[in-house]
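Everything below concerns the one structure shown next.
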Amino acid sequence: MNSIMTKNMEVCFLCGSRKCIEIHHIYSGPFRKKSTKYGMVVPLCYECHRGTNGVHSNRAKMDKLRALGQRKFQEVYPNIDFLKTFGRNYFYEETELPSLDLEKL
């Protein structure tokens with residue numbers, strides 16, 4: 001599976017672990033196929049994916065990952081409208097965009 005978020009699909013995108021890697025679709029539900037199509041997937045270890053403080057258990061962490069995905073999508077696909085494609089804007093304020101930091105996820 002290809003990702004526009006990372007070249008290394010064998011290392012957790014959030015913590016760098018190589019153990020129990022799973023593929024996480026950044027936009028799920030009705031947007032899962034589009035996530036695959038546009039490379040909006042990242043490798044996550046079990047803990048970062050489905051663990052106690054993983055993205056599926058932590059809404060703030062999930063939304064930050066989605067905002068980061070939106071930023072990357074807009075860089076890679078400047079001619080495709082993100083909102084029409086994924087149905088929601090994950091930037092709550094313009095000032096939030098530059099402050100996205102993986103280490104704070």
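Phi angles of the range 9-16 translate, via the Karplus equation with coefficients 6.51, -1.76, 1.60 and θ = phi - 60°, into HN-Hα couplings of 8, 10, 10, 4, 5, 9, 10, x Hz per residue; Gly and Pro are given as x. Note that the range 26-35 has calculated 3J(HN,Hα) couplings of 4, 10, 9, x, x, 9, 4, 5, 5, 4 Hz, one per residue in order, obtained from phi through the Karplus relation 6.51 cos²θ - 1.76 cosθ + 1.60 (θ = phi - 60°); glycine and proline are x.
The ranking of Thr52, Thr36 by Cβ neighbour count inside 10 Å, starting from the fewest, reads Thr52, Thr36. Each of Met40, Met9, Met1, Met62 was scored by other Cβ atoms within 10 Å of its Cβ. Listed from fewest to most, they are Met1, Met9, Met62, Met40.
Counting other beta carbons within 10 Å of each residue's own, what order do Ile26, Ile80, Ile4 fall into, fewest first? The partial results should precede the final answer.
Numbers: Ile26 27, Ile80 12, Ile4 16.
Lowest count first: Ile80, Ile4, Ile26.
With contacts taken as Cα pairs under 8 Å and at least 6 residues apart, the chain reaches a relative contact order of 25 percent.
Computed from the coordinates by the stated procedures, all read-outs in this text should not be read as laboratory data. All values derive from a computational prediction rather than experimental measurement. Note that each Cβ is placed from the backbone with ideal geometry, even for glycine, and that neighbours are counted across all protein chains shown.
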